[in-house]
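Undergrad: One structure coming up, written as structure tokens, with questions to follow.
The values are calculated or read from the model by the stated rules, or taken from the named source; none is laboratory data. All figures in this text were calculated on a predicted structure; none of them were measured in a lab. Please note: Cβ atoms are built from the backbone with ideal geometry, for glycine as well, and neighbour counts cover all protein chains shown.
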Amino acid sequence: MSYSKEDLEKHLKEEHRQSPFSEYLKEIVYGGADGIVTTFAVVAGFAGAGAAAQIGGLGTLTVLLFGLANLFGDASSMALGNFLSIRSEQDRYKKEEDKEFFEIKHNPNMEKAESVEIMKQQGFDQKAAQKLVDIYATNEKYWVSFMMKYELEMANPFDENPYFTAVATFMSFIFFGTIPLIPYLIDSANPNGFILAITATILALFLLGILRLRVTKQSAIRSVGEIVLIGGVSAVIAYIVGTFFRI
């Protein structure tokens, strides 16, 4: 059965269509989880140290101020770090890619021999490997892409947009990281603020896990349970560390 170009384009568009959440799931989960745990660490640290109880009304206000400062500072740091990381990887990839193009043009026989050996390691016999490499050699761009992936084992970082990635990390960090502070934002004088912050943190981790579940379609135990468990352990550690500085 033959398909028209329009049918193929429609199939590819529908089959491989990704939502923004799917495309930036790594940044959303990474930024969100770090935002929740990092912000709660401030709250837990103060609670563990007993600061709020010792300095009265200023205690919860201090928690709020430190929490917000930490929230925006860390969100900016993570976003910038993500941006620079991708840009650096793109620069490194481009450098190695240029070297591969040079080798293909000036020493094609050696590159073909290397490619054949890679093909054989992938399970092709000598004849099939040689035939495939001869075909690859007719398209230098694809051949270089093949060598980058299988010889140098480098994924193409140009599939990632460093600007959008940074924004996704920042926004996820801010959104999820704000949730543990909501009880203090609503009523900074509430004596049960820390208990409510714990509840908000659990809900934030659960919400992040649900988002991961909807995108990955994995089991609920893995998608939600991993995030809640890992985030919960980190939060407990933050509280325990705070107790060492009790005043």
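Undergrad: Say whether the condition of being buried (at least 19 other Cβ atoms within 10 Å of the Cβ) and either on the phi > 0 side of the Ramachandran plot or among the aromatic types (Phe, Trp, Tyr) (or both) is met by at least one residue in segment 187-207.
TA: Yes, there is a match, as at least one residue in segment 187-207 is buried (at least 19 other Cβ atoms within 10 Å of the Cβ) and either on the phi > 0 side of the Ramachandran plot or among the aromatic types (Phe, Trp, Tyr) (or both).
Undergrad: Select from segment 70-83 the residues that are in contact (Cβ under 8 Å) with a residue 40 or more places away in the chain and of a type outside the set (S, T, N, Q) and list them in ascending order. Break it down stepwise before answering.
TA: Of all residues in segment 70-83, those in contact (Cβ under 8 Å) with a residue 40 or more places away in the chain come to 71-72, 74-76, 78-80, 82-83.
Within segment 70-83, 71, 72, 74, 75, 78, 79, 80, 83 qualify.
Undergrad: Could you check segment 14-26 and list, in sequence order, the residues that are closer than 26 Å to residue 232 by Cβ and either surrounded by fewer than 10 Cβ atoms within 10 Å (Cβ to Cβ) or modelled with pLDDT of 85 or more (or both)?
TA: Correct list: empty.
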